[in-house]
Each structure stands twice: as C-alpha cells, then as structure tokens.
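Each remark here refers to the structure printed beneath this line.
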Amino acid sequence: MVVRLLVLPLLAGLVPLLAAPDAAHAAAGCSGRPAKTVEFSTGELRVYKSRSQACAVTVAKKPGKRRTMSVTLQARGGRAVTDKGAYTKMAGPVTVSALNRCVRATGAIGKKSASTGWILC
C-alpha cells in the first residue's frame, strides 16, 4: 500500500513527458509572448518578448534535411547574438536583454532570409 502511494505520483509525473515529445521540444524554444513573425519562402523568423528579454528563432517550413540556418538578434546599443549552423528544423533560440530597448532580428535558411527592422520600441 505504501509503495503504491509513492510510485503512482512518480508515474503520473512521467506520463506527460513520455506522451508529448513535441511539448518538450517547444519548451526548448523561446519563452514569452509572440511579438512578431516574418514569413519567407523557406521558413519563418519568430520573435518573442518577455518583461526584460527578447528571444528569436528561425523555423523551417519543411523540416527534415540538414541545411544552413541562422538567427540573429540585437538590442539597440548592444551586440548582436547569432546562432548559425546546419540544422534540420530550427536555428536558435537566441536571447538578449531588452528592457525598454528596441530589437531587430534576422533569420535565414539557405540563401533566403527575412528581417524585422527595429521593433518593440
């Protein structure tokens, strides 16, 4: 009886992790509210904003084969943060401190790219 009381809560905690691999992958992306999405022919650039941080990812429209992807995020007056490599689905996330600061983001997949310009001002 005591074993059941200890094991059941542990199993209940594992079920959501085992049943939802996409939810675990989504948690690896950005936190905060969606602020801007810019679509381009091979994917999308997504920017998220929390109270003090901005975050960006580039997501492929057709994930699968490995190709060059990048995402860059810069707060006004700060250095740009970039993630670039050969990925199958997503580049990023990259985050910058953006408390009361404008940010700009650029995303690319292959030779196609998109940019936001200065946003969140």
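Quick notes on this one:
- Magnitude of the charge dipole, the range 63-106, Cβ model with Lys/Arg +1 and Asp/Glu -1, debye to 20: 140
- Over the range 50-121: Rg over Rh, Cα atoms, Kirkwood Rh: 1.01
- Probe 1.4 Å, protein heavy atoms only - accessible area per residue of the range 30-121 in square angstrom: 56
- Percent accessible area from carbon and sulfur atoms, the range 26-121, protein chains only, probe 1.4 Å: 48
- Approximate spin-label separation residue 119-residue 50, in nm, with each point projected 7 Å along Cα-to-Cβ: 1.9
The values are calculated or read from the model by the stated rules, or taken from the named source; none is laboratory data. Computed from a predicted model, the values in this text were never measured in an experiment. All Cβ positions, even for glycine, are placed from backbone atoms using ideal geometry, and neighbour counts span all protein chains on display. Heavy atoms of the whole protein, side chains included, go into the accessibility calculation; ligands, DNA and RNA do not. Shrake-Rupley method; radii C 1.70, N 1.55, O 1.52, S 1.80 Å.
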